[in-house]
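Have a look at the structure below, then the notes.
The values are calculated or read from the model by the stated rules, or taken from the named source; none is laboratory data. Given the structure is predicted, the values throughout are model-derived calculations rather than measurements. Quick reminder, even Gly has a Cβ in these numbers, built from the backbone with ideal geometry, and neighbours come from all protein chains shown. Just the protein is used for accessible areas: all its heavy atoms, side chains included, with ligands, DNA and RNA removed. Shrake-Rupley method; radii C 1.70, N 1.55, O 1.52, S 1.80 Å.
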Amino acid sequence: EPEVTQTPSHQVTQMGQEVILRCVPISNHLYFYWYRQILGQKVEFLVSFYNNEISEKSEIFDDQFSVERPDGSNFTLKIRSTKLEDSAMYFCASSPDYSGGFNQPQHFGDGTRLSIL
Amino acid sequence: GIQVEQSPPDLILQEGANSTLRCNFSDSVNNLQWFHQNPWGQLINLFYIPSGTKQNGRLSATTVATERYSLLYISSSQTTDSGVYFCAVERGTGGFKTIFGAGTRLFVKA
């Protein structure tokens, strides 16, 4: 079964540095998402992406964050000038086009654990 | 925005026991999924169930969209069922904000 793959599995970065988290969504999916989960807390929506533009973003997704689909297969999350509180697990997800008036299930990658020192 | 509440927050079961987890949501939704987060942090998709009832082995789920709740049933629980169970809902059609509940932390004792 096709999977969403995320790299790296663990990223350690110095505070203030830029980091890029990478995701390869399932190939025929059209909607792409990024989420974060601070240790011990719930999963929080960051941004959704469709047709090469942001569909919706949360209040967390400020100017520090950006997303890109650079080559038709990868989907990246860039975090500029990282802060200690950016330490979290970041999940990428993708879903196919909606059908019959309902969205289709989102498929999640295994996540990238980001540690800011 | 949509509020998602899960109950109970914590649950301890003896192996072999049955349980019901509940997810209430405050507005109509176009997508509802149940996930199991295992001890390694992976989010395992259990059910995609915006309405109706589905079963998969020892697990089943029911969503009553008109009353804005969903239930996840775990029968004959096993130690490997331990982890956190999340309900997530998405409003709108395609690429909308997805809201996760705070989860139910389940521990199954041998």
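For residue A:20 and residue A:51, what is the calculated FRET efficiency with R₀ set at 30 Å and r taken between the beta-carbons, to the nearest 0.05?
Numbers: r = 22 Å, r/R0 = 0.73.
That gives a FRET efficiency of 0.85.
Between segment B:23-72 and segment A:55-117, the alpha-carbon centres lie 22 Å apart. Think of the protein assembly as shown as having a plus end and a minus end, set by charges on the Cβ of Lys, Arg, Asp and Glu; of B:51, A:9, A:112, B:51 sits farthest toward the positive end of this dipole.
Show me, for segment B:73-81, the HN-Hα J-couplings you get by feeding each phi into the Karplus relation (A = 6.51, B = -1.76, C = 1.60, θ = phi - 60°), rounded to Hz, glycine and proline as x. Each residue of segment B:73-81 in turn: 9, 10, 10, 6, 4, 10, 4, 6, 7 Hz. Ranking of A:107, A:10, B:36 by solvent-accessible surface, largest first: A:10, A:107, B:36 (1.4 Å probe, protein heavy atoms only, all chains present). The modelled label-to-label distance for the pair residue B:38/residue B:55, using points 7 Å beyond Cα in the direction of Cβ, is 2.5 nm. Dipole check for segment A:22-88: with +1 at the C-beta of Lys and Arg, -1 at the C-beta of Asp and Glu, and the Cα centre as origin, the magnitude is about 220 Debye.
Sort segment B:21-110 into rounded, prolate or oblate with this rule: let a ≥ b ≥ c be the square roots of the eigenvalues of the Cα gyration tensor; rounded if a/c is under 1.5, and if a/c is not under 1.5, prolate when a/b is larger than b/c, oblate otherwise. Judged from the Cα gyration tensor, segment B:21-110 comes out prolate (a/c at least 1.5, a/b above b/c). Considering only A:86, A:71, A:62, the Gaussian network model of chain A with Cα springs below 10 Å gives its largest mean-square fluctuation to A:71. Net length available on complete extension from residue A:80 to residue A:117 is 11.9 nm, with 0.36 nm assigned per residue and the Cα-Cα distance removed. Taking max minus min of the alpha-carbon positions on each principal axis, chain A gives extents of 46, 31, 29 Å, largest first. For chain A, modelled as a GNM whose springs connect Cα atoms under 10 angstrom apart, the maximal fluctuation among A:59, A:44, A:18 occurs at A:59.
Computed over the protein assembly as shown, the P(r) curve from all C-alpha pair distances, binned at 10 Å from the origin, holds 8, 33, 35, 19, 4 percent per bin.
A simple spin-label model places the labels of residue B:20 and residue A:28 3.8 nm from each other, with each point 7 Å out along Cα-to-Cβ.
Taking only protein heavy atoms and a 1.4 Å probe, what accessible area per residue, in Å², does the protein assembly as shown have with all protein chains in place? Write down the numbers at each step before the final one.
Details: 10900 Å² over 227 residues.
Ligands and nucleic acids excluded, the result is 48 Å² per residue.
For residue B:102 and residue A:97, a Förster radius of 30 Å and the Cβ-Cβ distance give a FRET efficiency of 0.50, rounded to the nearest 0.05.
Straight-distance candidates among the aspartates and glutamates for linking to residue A:42, with alpha-carbon spacing under 17 Å and chain neighbours fewer than 8 residues away dropped: A:59, A:85, A:86, A:110, B:5, B:10, B:90. For the chain pair B and A, the interface hides roughly 2100 square angstrom of accessible area in total, found with a 1.4 Å probe.
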